[in-house]
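Here the structure comes first, spelled out in structure tokens, and everything after it is commentary.
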Amino acid sequence: MFRSYFKTAIRNLRKYKAQSFINIAGLSIGMAVAVLIGLWIWDELSFNKYHQNYDRIAEVRSNAGYNGEIYTIDSHPMPLGPEIRSAYGGDFKYVVMSTQTERHMLSSGDKKFAENGKYMQPEAPDMFTLKMLKGSRGGLKELNAVLLSSSLAKKIFGDADPINKLVKIDNTFDVKVTGVYEDLPDNADFKEVSFIAPFDFYLSCYDWARKKYTNWDNICINIFVQLNPGADFDQASAHIKNVLAAHVGADFAKRKPGLFLQPMSRWHLYSKFENGVNVTSDQLQFIRFYAIIGIFVLLLACINFMNLSTARSEQRAKEVGIRKALGSLRQQLINQFFSESLVSAGFSFLLAILLVQLSLPWFNQVAGKKIQVLWDSPVFWTAGIVFTFFTGILAGSYPALYLSSFNPVKVLKGTFRVGKKAAIPRKVLVVVQFTVSIMLFIGTVIVYRQIQFAKDRPVGYTTNGLLQVPINSPEFQGNYKAFGNEVRGMGLVGEVAESASPVTSIWSTNTGFTWNGRQNTGGIEFSTICVSPDYGKTIGWQLAGGRDFSSEQATDSTGFVINEAAAKLLGMRNPVGEIVEWEQVKGRSFTILGVVKDMVMESPYNPISPTIFFIYRRDDMNFMLLKPNPHVSPGNAVAKIASVFKKINPNTSFEYSFVNDEFNRKFAAEERIGTLAGLFAGLAILISCLGLFGLVSFVAEQRTKEIGVRKVLGASLVDLWRVLNEEFVLQVGISLLIAIPATYYFMGNWLQHYAYRSNMPWWVFASVGAGALAITLLTASYQSIKTALTNPVKSLRAE
């Protein structure tokens, strides 16, 4: 029986070649999109599952009040780790303190690499179940030790065994390689960590770090925990909630800091907090967005199958009538039609896998992933078979139920007519197709407008040509002046400066500021950036009042330059010359020297943070900024700057980035949405046009004699073109009436996520609507004009 169904299905695919091509092409594109999106979603949902203790690991975080709102942070004072370990050891198997991920110089012989690393306590490799390729997870129990990732060990030592070899960190500290671990996958939070060194070694190397070990007011480390079997995240969070508030100073205690555990399962898709409440992250919104797109694109392909199958119902009516007359049951006919759709779906899936494999390199580049087809995964192939079966059943459901319902007596007597009502479902499905396609297209345009709107926002400083060099070693720190003087003397750069934060980020915030008439300031937070006196001239910030820092005035070390947002928060109409006390720097008063226009240093979609710039300690500097001479080509300037750097700092590798490139990376997520949404919208329109082309071809074929009669009676080519196309133009018009308000509503809600956002002008909707009508007419016109030009003698001769 099944063999007969399969043979008949193949025979019908061959018989209706054009319909079969459109069905299989449309289904394969829809299935390829669904598979790509499915692989992407699987990668996102598998985030951090590389760690075997995934469901029992958490990070300690805290909520505290700032500026009238509750902020969530992941940094804590060092004494908190030992306190949690000693007081609540029953809840936790491991309590691990860690520095934040920082860039350090690692060298061995003449090989030098700037790599991201962490200093962590010895239990970290066991907690995160690192897969050791050499050595053991206990390697961090030695003080002067280091664990290297497989890729970093390969870069430093090649094929040689790295165990017990020495590596120098920051050209200062010698450590012994005690283990090599497998590189973490791309969908893991610590994928960028290339080495791990002992936390105790970190304390032994830096006096300031040892002082922080007993300081409850200095927030600087992360704390990770692993629950004991049987322990509960909520219960453990309740136990540690008030630990921080019981030990910090009175000012910090006013903010009511409360600790809690953020499980590893929520680090990625629930990483966002608003006013102390854990909300879905943008990444989870992307998952939902792309999942909906995948479902819609696949649905469009299925609609094509339904439309073309039911459109040819009269051609298959006699077949159904004969089969019923010969004793076929309706269920058998339903099985026959389902078998045809399943065969089409099977061919489509094979073609879809080929399309996925060919498009993955491009897709990974756009999506920022390293996704692969899971060829050796039984789960993937099982899901593929289920997916193909589901698609086949969905695509064939309406045709199977509809065609199998024909009355054999009417069919065989020749009195069977489909009738106008039978075309209603097809028209509805065409409207659905174009509604979805138009919504995707309008949404893509609005996304691109939002990106461009943010890019056109005044930045407040110069980005073009500005060079940013990370300070990776103490050697570099000591040679800063010599380096700056030489590159200036060579005419390569106009200005050189230092900063504790990159130009496009803010790494530090502080409270405890007091100014005239405002004494209770513990809840107000400012972004704080330590800079050198030439910082403003180097980045080209714009003064709104007062003056800039000057290297010639020693008193500027007790001066502030603030931005307009900070001046507004201070509540001062003319803040220049006002005195501000800072609790962190006891015994010193700061004078506001100048006010600069707001600069976009963080997300270009968010309001500007109130920011204070100051000159304090040189050992706080993390970046050197260089403003190249505009008369020297960037390529030549960078090459010569690198040679000077290597001459003055022979033990440090030269790394750099252009601030303009760093700023443009802030648009990566939105650009990814726009690019992929644009691709999927294009495919949705292609699938819809394929279906429309098939329907127009069928309608033109059915109305050949009518067209012949009209031509004989004097109808012009334009009249015939209008007759054949007006039905489809009307359906697209209805789609526009549905799609435009729906898109306006959904995209309006999406834009609400951005404090700095564009509008949705009427011409966007009008342009897309006109484009949709033009595409419809172009698609339909070829076949309709071809039919209209047919010699009426040929079309009427059969009578």
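Which numbered condition in (1) on the phi > 0 side of the Ramachandran plot; (2) at pLDDT below 80; (3) open to solvent by 30 Å² or more (accessible area, probe 1.4 Å) is the only one that Gly546 fails? Result: Gly546 fails condition (2) only. I need the full set of residues from the range 347-377 which are among the small types (Gly, Ala, Ser), at negative phi and surrounded by fewer than 17 Cβ atoms within 10 Å (Cβ to Cβ), in order please. Ser359, Ser377, listed by residue number. For the range 760-780, state whether one or more residues are within 22 Å of the chain's Cα centre (by Cα), within 15 Å of Gly443 (Cβ to Cβ) and not in a helix (DSSP H, G or I). There is no residue in the range 760-780 that is within 22 Å of the chain's Cα centre (by Cα), within 15 Å of Gly443 (Cβ to Cβ) and not in a helix (DSSP H, G or I). Inside the range 219-232, residues that are within 33 Å of the chain's Cα centre (by Cα) and open to solvent by 40 Å² or more (accessible area, probe 1.4 Å) make up a count of 2. Could we say that His268 is buried (at least 16 other Cβ atoms within 10 Å of the Cβ), under 30 Å from Val33 (Cβ atoms) and either at pLDDT 85 or above or touching a Pro at 6+ places or on another chain (Cβ under 7 Å) (or both) here? Judged against the criteria, His268 is a match. Looking only at the range 430-461, residues that are among the hydroxyl-bearing types (Ser, Thr, Tyr) and surrounded by fewer than 20 Cβ atoms within 10 Å (Cβ to Cβ) come to 1 in all. Considering the range 109-209, the qualifying strands (runs of 3 or more DSSP E), each wholly inside and each with 3 or more residues that are crowded, with 19+ Cβ neighbours inside 10 Å, run over 111-120, 145-149, 173-181, 195-198.
A quick yes/no check of all residues on (1) at pLDDT 85 or above; (2) under 30 Å from Val496 (Cα atoms); (3) surrounded by fewer than 20 Cβ atoms within 10 Å (Cβ to Cβ):
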residue	(1), (2), (3)
Val418	no, no, yes
Ala423	no, no, yes
Thr463	no, yes, yes
Val469	yes, yes, no
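Checking each residue in the range 425-482 for being under 26 Å from Leu300 (Cβ atoms) and without any contact (Cβ under 8 Å) to a residue 40 or more places away in the chain picks out only Val428.
Might you let me know whether the range 665-682 holds any residue that is touching a strand residue (DSSP E or B) at 6+ places or on another chain (Cβ under 6 Å) and over 30 Å from Asn304 (Cα atoms)? No: the range 665-682 contains no residue that is touching a strand residue (DSSP E or B) at 6+ places or on another chain (Cβ under 6 Å) and over 30 Å from Asn304 (Cα atoms). For the range 632-652: of the residues being farther than 25 Å from Ser501 by Cβ and in contact (Cβ under 8 Å) with a residue 60 or more places away in the chain, which is least open to solvent (accessible area, probe 1.4 Å)? Per the stated criteria, the residue is Val632.
Leu492 fulfils the conditions (1) under 26 Å from Phe645 (Cα atoms); (2) open to solvent by 50 Å² or more (accessible area, probe 1.4 Å); (3) among the hydrophobic types (A, V, I, L, M, F, W, C) except for a single criterion, (2). For the range 36-108, the strands (runs of 3 or more DSSP E) that sit wholly inside it and include 2 or more residues that are among the hydroxyl-bearing types (Ser, Thr, Tyr) and open to solvent by less than 40 Å² (accessible area, probe 1.4 Å) are 57-66, 102-108.
The values are calculated or read from the model by the stated rules, or taken from the named source; none is laboratory data. In this text, all values refer to a predicted model and were calculated from it rather than measured experimentally. Don't worry about glycine lacking a Cβ; one is built from the backbone with ideal geometry, like all the others, and counts go over all protein chains shown. Surface areas here come from the heavy atoms of the whole protein model, side chains and all, with no ligands, DNA or RNA. Shrake-Rupley method; radii C 1.70, N 1.55, O 1.52, S 1.80 Å.
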